[in-house]
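All remarks here apply to the structure that follows.
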Amino acid sequence: MRHQNRRMTDLAAVEAAIYDQSFRALDEQARVIDALRTRAGALVAGASVATAVLGGLAGATRPATHARLDPASWVAIGLFVSVVLLTLFVVTPRTNTALAHHPDLLVRTYLNREQPVSLGAYRRAIAFYNGRNFDANARQLRALDATFAVASVCLGCELVVWLWILAS
């Protein structure tokens, strides 16, 4: 009997640990998404400064007879617009990111029943759904990371083009 009680206590402790970990994983994803959005904002700010300063210098070094933008300047401006659009995609909140459960749905699913669900069954179900949400969020996060990487490359290319214009 004592062995069975200990086993039930251990099982409850494991259920609680898994349940807590499933929420910690979602919380960590939320922090990663927030940090990525912050970095994207810094990236677009850097691109804006680079375009203003280097583009202004490039325009100032042209003779007055060449007031029109050359193709290289248009490439640099296109790269700047790409950085802005890509970072806009990164910072825009997603409606399908799942970081929590709706309380009303939980009440209807687990409490408003003839036989309420046990705490252990509830924890197992929530941990399962948190795992599914984690996987779905991870796919979104990979796409956002890739988009941020492309935006970073666009910024690097933009700087190279502006510097090339200034050097020539």
Counted residues, the range 119-168 - those being in contact (Cβ under 8 Å) with a residue 60 or more places away in the chain, touching a Phe, Trp or Tyr at 6+ places or on another chain (Cβ under 6 Å) and of a type outside the set (A, V, I, L, M): 3
How many of the residues in the range 1-19 are within 30 Å of ARG132 (Cβ to Cβ) and either at pLDDT 90 or above or aliphatic (A, V, I, L, M) (or both)? 8
Of the residues VAL91, VAL84, which is surrounded by 14 or more Cβ atoms within 10 Å (Cβ to Cβ), touching a Lys or Arg at 6+ places or on another chain (Cβ under 6 Å) and closer than 18 Å to GLY46 by Cα? VAL91
Within the range 128-149, is even one residue modelled with pLDDT under 95, more than 20 Å from the chain's Cα centre (by Cα) and surrounded by 12 or more Cβ atoms within 10 Å (Cβ to Cβ)? yes
Condition set among the aliphatic types (A, V, I, L, M) and surrounded by 13 or more Cβ atoms within 10 Å (Cβ to Cβ), scope the range 113-127, selection farthest from PHE23 (Cα to Cα): answer is VAL117
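The values are calculated or read from the model by the stated rules, or taken from the named source; none is laboratory data. Please read all numbers here as calculations on a predicted model, not as lab measurements. Note that we place each Cβ from the backbone using ideal geometry, even for glycine, and neighbour counts take in every protein chain shown.
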